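Reviewing the structure listed below.
The values are calculated or read from the model by the stated rules, or taken from the named source; none is laboratory data. Every value quoted in this text rests on a predicted model; they were computed, and no experiment measured them. Positions of Cβ are backbone-derived with ideal geometry, glycine not excepted, and every protein chain shown enters the neighbour counts. The protein model used for the area step is the full one, side chains on, heavy atoms only, and it has no ligands, DNA or RNA in it. Shrake-Rupley method; radii C 1.70, N 1.55, O 1.52, S 1.80 Å.
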Amino acid sequence: MDPVGAALVADGLPAPAAFVSVLADILPLVVEAAARVARIAVLIAVGVFLANVAVEFGLVERIAGFSRYLTGPANLPDEAGTAIVTTAASTTAGYGMLADFRESGRLSDRATMVAVVINTFFGFVQHLFTFYVPVVIPILGRETGVLYVGTRGAIALGITLTGVLAGALLLRAEAGDRPDAEAVREATDGGPTAGGTDDSDADDTDADGGLRDKVATAAESTWSTLRRIVPRLAFVYVLVTVLVARVDLQALSSDVAGPFAEVVGLPAAVVPAIVVFVFDTTAGAAAFAPLIGSTLTPEQAVAGMLIGGIVSFAFSTFKRSIPFQYGVWGPEFGSKVIAVNTALKVVFISVALVVFLA
């Protein structure tokens, strides 16, 4: 008998029973992670496919017009504008677009990072009408709810404008080397054709064939990208899900939230509400609501929820950001994205806290 089996038998638990017990514990976690990966993979596939379709059909120039007020000053190419607009509908799809543009060489690492930062406000807009307005404001009440949502919007906008400024300073050389979009389009289209035929049937046949070819090319490129991203995404998500299940995050967050609240001068009664907020924004808002007016002012309540946001970064980064960002970008660039996003959020939330508690 091998040493592991002997040890298990010595503990009174036969080796097969131990394996079945461990498997029973882990299997639900793997299923949960697989379901989450499947949902994310679908959204990434949509984003990547739309990105490829936009390129194949020359739609980048038209779609990017909506975001050129940001991408122009930031010295970003039109492809980044397409992804930014998409982020307002789906953050995951927008990230999928950026990943595809980066891997195809249309965006440099530096330009991709700037685009990720600019995406922040558009990600907030995505949740504004689906979560903040219909859910958070009614729970917190009009005064506190509007104050909190407005603060989160201002923080997101500040981060986005920081990205625009960074692009203006860091991407100037890239913008100068980038070919003019109109010239690229004319070169691709080949200019006006001379001596064309009037055979409309032939034109229709060519158009249908061209359409099928472009869609097929977009689909092929999408599949190639997914083959690289999804296995990496699945592996890290399963690993992190199993690890998180073995750690008492609620106790850890309480240990962190308590000193935070004490430092900024909030009453001890706010700590349980902050802990709930760390794990569930909706439940956290409901936990803060009864304290407003009696224990907390609206400003203190918003400050407490912002503290909850800071504390949650440590846990959400490990539980969600690392698997997602590593899956989309790979460990090296994904780590940079996480570091930049987290640093900017902490800085801007800290500024907001100073304003509220001054």
Practice item. For the range 125-134, indicate whether the set of residues that are farther than 20 Å from Leu296 by Cβ, touching a residue at least 24 places away in the same chain (Cβ under 8 Å) and hydroxyl-bearing (Ser, Thr, Tyr) is non-empty. Key: no
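In this structure, is Val53 surrounded by fewer than 23 Cβ atoms within 10 Å (Cβ to Cβ) and at pLDDT below 70? Give the derivation first.
Details: surrounded by fewer than 23 Cβ atoms within 10 Å (Cβ to Cβ): yes; at pLDDT below 70: yes.
Yes, satisfied.
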Review point. How many residues does the range 162-177 hold that are buried (at least 17 other Cβ atoms within 10 Å of the Cβ) and without any contact (Cβ under 8 Å) to a residue 40 or more places away in the chain?
Key: 0
Check your understanding: Does any residue of the range 103-114 turn out to be within 15 Å of Val328 (Cα to Cα) and of a type in the set (Ser, Thr, Tyr)?
Key -> yes
Exercise for review: Please name all residue pairs, on different chains or six or more residues apart, with Cβ atoms under 9 Å, provided the first residue is in the range 68-97 and is within 18 Å of Val46 (Cβ to Cβ) and open to solvent by 30 Å² or more (accessible area, probe 1.4 Å) and the second residue is polar (S, T, N, Q) and modelled with pLDDT under 80.
Suggested key: Val85/Ser67; Ala88/Gln126; Ala89/Gln126; Thr91/Gln126
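Residue by residue through the range 341-358, note down the ones that are open to solvent by less than 30 Å² (accessible area, probe 1.4 Å) and over 19 Å from Ala115 (Cα atoms). Break it down into steps so the answer makes sense when it comes.
Within the range 341-358, the first condition is being open to solvent by less than 30 Å² (accessible area, probe 1.4 Å), and the residues that meet it are 341, 349, 352-353.
Answer for the range 341-358, where residues must be open to solvent by less than 30 Å² (accessible area, probe 1.4 Å) and over 19 Å from Ala115 (Cα atoms): Ile349, Ala352, Leu353.
Listed here are the residues, each with its yes/no results for (1) touching a Phe, Trp or Tyr at 6+ places or on another chain (Cβ under 9 Å); (2) at pLDDT 80 or above; (3) over 23 Å from Arg39 (Cβ atoms); (4) surrounded by fewer than 21 Cβ atoms within 10 Å (Cβ to Cβ).
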{"residue": "Ala268", "(1), (2), (3), (4)": "no, no, yes, yes"}
{"residue": "Asp280", "(1), (2), (3), (4)": "no, no, no, yes"}
{"residue": "Ala301", "(1), (2), (3), (4)": "yes, yes, yes, no"}
{"residue": "Met305", "(1), (2), (3), (4)": "yes, yes, yes, no"}
{"residue": "Ala314", "(1), (2), (3), (4)": "no, no, yes, yes"}
{"residue": "Phe318", "(1), (2), (3), (4)": "no, no, no, yes"}
{"residue": "Gln325", "(1), (2), (3), (4)": "yes, yes, no, no"}
{"residue": "Ser335", "(1), (2), (3), (4)": "yes, yes, yes, yes"}
{"residue": "Ala339", "(1), (2), (3), (4)": "no, yes, yes, yes"}
Review point. Just wondering, is there one or more residues in the range 108-129 that are over 20 Å from the mean Cα position of the chain (by Cα) and among the small types (Gly, Ala, Ser)?
Key: no
Review point. Does any residue in the range 139-151 that is under 15 Å from His127 (Cβ atoms) come within less than 7 Å, Cβ to Cβ, of a residue that is surrounded by 15 or more Cβ atoms within 10 Å (Cβ to Cβ) and among the hydroxyl-bearing types (Ser, Thr, Tyr) six or more places away or on a different chain, and which pairs are these?
Key: Val149/Tyr132
